[in-house]
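Student: Dropping a structure here in structure tokens format, bear with me for questions.
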Number of protein chains: 2
Amino acid sequence: MSEPVTLNRRRVLNLGIAGAGAAALTPALAAAQTPDPLIVEKQEWTQYLGEGVNAKPYGVPSKFEKEVVRREVEWLTASRQSSVSFTPLHALDGIITPNGLCFVRHHGGEAEIDPAKHRFMINGMVDKPLVFTMEDVKRMPGRVNRVYFLECAANSGMEWRGAQLNGCQFTHGMIHNVVYTGVPLKAFLNEAGVSPKGKWVLAEGADASAMTRSIPLEKAMDDCLVAWAMNGEALRPEQGYPLRLVVPGWEGNMWVKWLRRVEVGDQPWAQREETSKYTDLLADGRSRQHTFLMDAKSVVTNPSPQAPLKSKGPNVLSGVAWSGRGTIKRVDVSMDGGRNWRTARIEGPNFPRAMARFYVDFDWNGQELMLQSRAMDDSGYVQPTKDELRKYRGSNSIYHNNGIQTWLVRPDGSAENVEVS
Amino acid sequence: MSEPVTLNRRRVLNLGIAGAGAAALTPALAAAQTPDPLIVEKQEWTQYLGEGVNAKPYGVPSKFEKEVVRREVEWLTASRQSSVSFTPLHALDGIITPNGLCFVRHHGGEAEIDPAKHRFMINGMVDKPLVFTMEDVKRMPGRVNRVYFLECAANSGMEWRGAQLNGCQFTHGMIHNVVYTGVPLKAFLNEAGVSPKGKWVLAEGADASAMTRSIPLEKAMDDCLVAWAMNGEALRPEQGYPLRLVVPGWEGNMWVKWLRRVEVGDQPWAQREETSKYTDLLADGRSRQHTFLMDAKSVVTNPSPQAPLKSKGPNVLSGVAWSGRGTIKRVDVSMDGGRNWRTARIEGPNFPRAMARFYVDFDWNGQELMLQSRAMDDSGYVQPTKDELRKYRGSNSIYHNNGIQTWLVRPDGSAENVEVS
């Protein structure tokens, strides 16, 4: 980490960042002013009665927040029905992703399901196949509430061959983190009675793609949930309304939306999404398969290309970290491309297999910064650099890029996706 | 608690509920069926490609959830600009209230504030009055994320004189529970330098009502937050966008929305909302003032008048509990109007001064039920009956009714707001 820093895509002309890592925290805000009562008097919204309480039975964000939306990368896919829109991580804070901003990945478009007609089936190697209505699902004993991140295995996938997309919404926005309400899948499997020969389950969705993924029975009987609510209310249609599978810590594609069936079998099924897709082509031409776990990862969300620095003096660096192995225990932040590190403050609720929020209060004197974050979880796993990942896995992969991200922040406060090596 | 149960408003003809409290939990669901593959084949949403990912940059609930909205009680107030809409507690689960469903209480309508023009002032008995832009507010060191309930002091206020409104949305829906992102108010006060003479602060809103409340300095320097985000995104307009005060565990009216000013003084200000309103008229004609704390309280949300029981056999009773004094430690549930009690399962994240979720898995044979819940917090406080409250406070009050709520559930599954004494 003490080698000189170089940039892959951009030459940094003014790398005066040696002191950035050690900048003193100053509580004073330069911009705090002597009060000008006129400013308050001129606030026109104090002059009229606003909208009544009946205006919005279901509320929406302020019109001044209209840029805070999910966004696509249009050249990424041929069809909008098999595409992705990204969570605006740079505009969020805390750990909860609002339901309206949770990234979307469809394979056959959004199924628009009438919950009264939806059925959930347990079949295959079981004593007694069962079909549940949604009412029946909600009558199952053992309901739980759990906070989990859901990350698409392809998140940051475009970065395998170097810095590409300018914004954490696009590089890291295939993730969301919500509270799920549901019942452990184990309860349904036990109700049906799993055969001693059962070793795997197949989860199947009711959308046009009939999404199907094989999951080891051990995981299905451990912490998987059959969930119908997120952040307190019914699942959103694009997140699998009325029912989805929750597979904590594992790749998002396995969290089958519009869940209609779980079949028990004695071996994996080798469906399309676990053979031609969601496998990792290595440098020697072989592919890794069944790479379910999402390893520890983090990203600085502010500042970042979509959220530049606007003022010198006191500033707050913020970001998110998560690990499919367990709980985030520590996040280190570098402001000089990995030479010097400081430990960030993990702040707020912090659950296993959920997103954690971190902050570094720092003072910016206008120098160039190269921001990185490095997550560590309670298994001892440390987030690697992109080069460390490529050493073992080449650069053919699409999935499972959890390498350290770098943002270059220029003296004018603007930021860019770069890579150091 | 062993006296015969009688009803204030309704005579119960068939009170066959003695055994309900001890009903065995059975895991089997009567409605689970032999699979009928035709059911799955007939699901039309498997037959067509759905909407693409670009359809909703900011997502909305399913069209099948259109009844899950905030609702008003139209006769309650003369004007929609000074009124309330209620959180649909009966349709929610877990502990997070979705932003679009958080109850609204306005006093001068919804201020529609341009954050670029908004200012936040600290003045009064301070060394150095300060004015902050929103950018400056967000640059303050020490940002935190905290989950808190916000309950209007008038929640359940219409129940002082007996059971009135048929549904927990209306009896208990002036509450929400979200994750706030902000900076402790203490940091702003310290930045300005509070005079040794300072004992109180006045918080003032930028809406047309210029909402103003006095808060003891001790509380202001303890856990109050100046918050700009809820559940990950910017505050909603009706919740004070772009800035609100968070006063954990204290009555909602003090959580000033559209926060523009905090003044330090040596005594309370005796504003309208702390004299003619938000005081409690006792039986002897005197009034309690400065009754800030929201005591421990709970309500069964399911079943309830808006969420009847639909099936015999296994069912899940659910509800929420909260306390301004600290953390909910235990919730007991009675199914026979307070004769017999069982301890509910508190499930999911459970934070101080935040809403907790509880469940009781039970078996219903069609008998009449009288459902109650009783919350206990870690201070040892136990939620009282309504009669216990009236003994000390009469029945003239509007505010601070945290008495035990009763739902009568009839053999047909329908439920009604009743009162036992």
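The values are calculated or read from the model by the stated rules, or taken from the named source; none is laboratory data. Keep in mind that what you see is a predicted model, and the values were worked out from it rather than measured. Cβ coordinates were reconstructed from backbone atoms using ideal geometry, including for glycine residues, and neighbour counts include every protein chain displayed.
Student: Of all residues in the range A:301-341, which are within 14 Å of chain B (Cβ to nearest Cβ) and over 19 Å from the mean Cα position of the chain (by Cα)?
Tutor: Those that are within 14 Å of chain B (Cβ to nearest Cβ) and over 19 Å from the mean Cα position of the chain (by Cα): A:PRO308, A:LEU309, A:LYS310, A:SER311, A:LYS312, A:GLY313, A:PRO314, A:ASN315, A:VAL316.
Student: Taking the residues in the range A:169-205 that are aromatic (Phe, Trp, Tyr) and more than 20 Å from A:PRO98 (Cβ to Cβ) as candidates, determine which candidate is farthest from the other protein chains (Cβ to nearest Cβ).
Tutor: Restricting attention to the range A:169-205, the residues satisfying the condition of being aromatic (Phe, Trp, Tyr) are A:170, A:180, A:188, A:200.
After this cut, where a residue has to be more than 20 Å from A:PRO98 (Cβ to Cβ) as well, the list is A:188, A:200.
Details: A:PHE188: 9, A:TRP200: 19 Å.
Once the filter is applied, the top-ranked residue is A:TRP200.
Student: Here are B:GLY205, B:GLY198, B:GLY157: which of them is crowded, with 24+ Cβ neighbours inside 10 Å and not assigned by TED's automatic domain parsing to the domain that holds B:VAL320? Talk me through it step by step, then tell me what you get.
Tutor: Details: B:GLY198 fails: crowded, with 24+ Cβ neighbours inside 10 Å; B:GLY157 fails: crowded, with 24+ Cβ neighbours inside 10 Å.
The unique qualifying residue is B:GLY205.
Student: Another one. Is one or more of the residues making up the range B:77-92 surrounded by 21 or more Cβ atoms within 10 Å (Cβ to Cβ), among the hydroxyl-bearing types (Ser, Thr, Tyr), more than 9 Å from chain A (Cβ to nearest Cβ) and over 23 Å from B:ALA206 (Cα atoms)?
Tutor: yes
Student: Okay, next question. Which one is farthest from the other protein chains (Cβ to nearest Cβ), of the residues in the range B:279-300 that are in a loop (DSSP other than H, G, I, E, B) and touching a Ser or Thr at 6+ places or on another chain (Cβ under 6 Å)? Before the answer, list the steps.
Tutor: Restricting attention to the range B:279-300, the residues satisfying the condition of being in a loop (DSSP other than H, G, I, E, B) are B:279, B:282-286, B:289-292, B:294-296.
Checking which are touching a Ser or Thr at 6+ places or on another chain (Cβ under 6 Å) leaves us with B:279, B:289, B:296.
Values: B:THR279: 23, B:GLN289: 27, B:ALA296: 20 Å.
Once the filter is applied, the top-ranked residue is B:GLN289.
Student: Can you find even one residue in the range B:167-181 that is surrounded by fewer than 21 Cβ atoms within 10 Å (Cβ to Cβ) and in the same structural domain as B:ASP223 (by TED's automatic domain parsing)? Lay out the reasoning, then the answer.
Tutor: Our first condition is that a residue be surrounded by fewer than 21 Cβ atoms within 10 Å (Cβ to Cβ); within the range B:167-181, this holds for none.
Scanning the range B:167-181, I find no residue that is surrounded by fewer than 21 Cβ atoms within 10 Å (Cβ to Cβ) and in the same structural domain as B:ASP223 (by TED's automatic domain parsing), so the answer is no.
Student: Restricting to the range A:38-57, and then to whatever is more than 7 Å from chain B (Cβ to nearest Cβ) and not in a loop (DSSP other than H, G, I, E, B), can you tell me which residue is surrounded by the fewest Cβ atoms within 10 Å (Cβ to Cβ)?
Tutor: Here the residue is A:LEU38.
Student: While we're on this one: Which count do you get for residues in the range B:93-138 that are more than 7 Å from every other protein chain (Cβ to nearest Cβ), closer than 30 Å to A:ALA227 by Cβ and acidic (Asp, Glu)?
Tutor: Of the residues in that region, 0 qualify.
Student: Report yes if some residue within the range A:100-114 is in contact with a His (Cβ under 8 Å, 6 or more places away or on another chain), aromatic (Phe, Trp, Tyr) and either modelled with pLDDT of 95 or more or under 30 Å from A:SER395 (Cα atoms) (or both); otherwise report no. I'd like the intermediate steps shown before the answer.
Tutor: Step one: filter the range A:100-114 for residues in contact with a His (Cβ under 8 Å, 6 or more places away or on another chain), giving A:101-103.
Narrowing the set further to residues that are aromatic (Phe, Trp, Tyr) leaves A:103.
Checking the rest, the ones that are also either modelled with pLDDT of 95 or more or under 30 Å from A:SER395 (Cα atoms) (or both) come to A:103.
Within the range A:100-114 (the criterion being in contact with a His (Cβ under 8 Å, 6 or more places away or on another chain), aromatic (Phe, Trp, Tyr) and either modelled with pLDDT of 95 or more or under 30 Å from A:SER395 (Cα atoms) (or both)), the answer is yes, since at least one residue qualifies.
Student: Pick out the one residue from A:LEU317, A:LEU309 that is out of contact with any Asp or Glu (no Cβ under 6 Å at 6 or more places or on another chain), in a loop (DSSP other than H, G, I, E, B) and in contact (Cβ under 8 Å) with a residue 12 or more places away in the chain. Step through it out loud before you land on a result.
Tutor: Details: A:LEU317 fails: in a loop (DSSP other than H, G, I, E, B).
One residue alone meets the criteria, A:LEU309.
Student: Looking only at the range A:326-347, count how many residues are among the basic types (Lys, Arg), assigned to a loop (DSSP other than H, G, I, E, B) and surrounded by fewer than 18 Cβ atoms within 10 Å (Cβ to Cβ).
Tutor: Looking only at the range A:326-347, we keep the residues that are among the basic types (Lys, Arg), and these are A:329-330, A:339, A:342, A:345.
Keeping just the survivors that are assigned to a loop (DSSP other than H, G, I, E, B) gives A:339.
Next, from what is left, pick out any that are surrounded by fewer than 18 Cβ atoms within 10 Å (Cβ to Cβ): none.
Result for the range A:326-347: 0.
Student: I need the full set of residues from the range B:58-94 which are over 15 Å from the mean Cα position of the chain (by Cα), outside any strand (DSSP E or B) and among the charged types (D, E, K, R), in order please.
Tutor: B:LYS63, B:GLU65, B:LYS66, B:GLU67, B:GLU74, B:ARG80
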